[in-house]
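The values are calculated or read from the model by the stated rules, or taken from the named source; none is laboratory data. Note that this is a predicted model, so its numbers are computed, not measured. Ideal geometry is used to build each Cβ from the backbone, glycine not excepted, and the neighbour counts take in all protein chains shown. Heavy atoms of the whole protein, side chains included, go into the accessibility calculation; ligands, DNA and RNA do not. Shrake-Rupley method; radii C 1.70, N 1.55, O 1.52, S 1.80 Å.
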Amino acid sequence: MNKIKLVLDKKGIKQKRLAEQQLGKSFKMVNFYVQNRNQPNLETLYKIASILSVEVNGLLYSKDDIEQIKNKQ
């Protein structure tokens, strides 16, 4: 699971802008990343982190975070 949506919202960046103008991916693909339907490969994850000016680990949930999310469901 990733936090791409949270970081995009915090920085006020739209998925479409990230996808088409900055990342060179389709909106659909970035939307899949944002919704955690697909996970970006490491190269793409590093590109996203660079574009958003965050560390890669700032885009990822820890194991503890994932367990807490699962327990809430």
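Is at least one residue of the range 40-57 outside any helix (DSSP H, G or I), touching a strand residue (DSSP E or B) at 6+ places or on another chain (Cβ under 8 Å) and modelled with pLDDT of 95 or more? Step through it out loud before you land on a result.
Quick first cut of the range 40-57, residues outside any helix (DSSP H, G or I) only: 40-41, 53-55.
Then keep just the ones that are touching a strand residue (DSSP E or B) at 6+ places or on another chain (Cβ under 8 Å); that gives 40.
When the remaining residues are screened for being modelled with pLDDT of 95 or more, the result is 40.
Within the range 40-57 (the criterion being outside any helix (DSSP H, G or I), touching a strand residue (DSSP E or B) at 6+ places or on another chain (Cβ under 8 Å) and modelled with pLDDT of 95 or more), the answer is yes, since at least one residue qualifies.
Report, by residue number, each residue of the range 58-70 that is crowded, with 16+ Cβ neighbours inside 10 Å and either in a loop (DSSP other than H, G, I, E, B) or of a type in the set (D, E) (or both).
Of the residues in the range 58-70, the ones crowded, with 16+ Cβ neighbours inside 10 Å are 59-61.
The one that is crowded, with 16+ Cβ neighbours inside 10 Å and either in a loop (DSSP other than H, G, I, E, B) or of a type in the set (D, E) (or both): Y61.
Looking at the range 46-58 only, could you name the residues that are hydrophobic (A, V, I, L, M, F, W, C) and in contact (Cβ under 8 Å) with a residue 24 or more places away in the chain? Step through it out loud before you land on a result.
Step one: filter the range 46-58 for residues hydrophobic (A, V, I, L, M, F, W, C), giving 48-49, 51-52, 54, 56.
Once the filter is applied, which keeps residues that are hydrophobic (A, V, I, L, M, F, W, C) and in contact (Cβ under 8 Å) with a residue 24 or more places away in the chain, the range 46-58 yields I48, I51, L52, V54.
Among the residues of the range 31-46, how many are farther than 23 Å from E67 by Cα and either open to solvent by 100 Å² or more (accessible area, probe 1.4 Å) or within 8 Å of the chain's Cα centre (by Cα) (or both)?
Residues that pass the stated criteria total 2.
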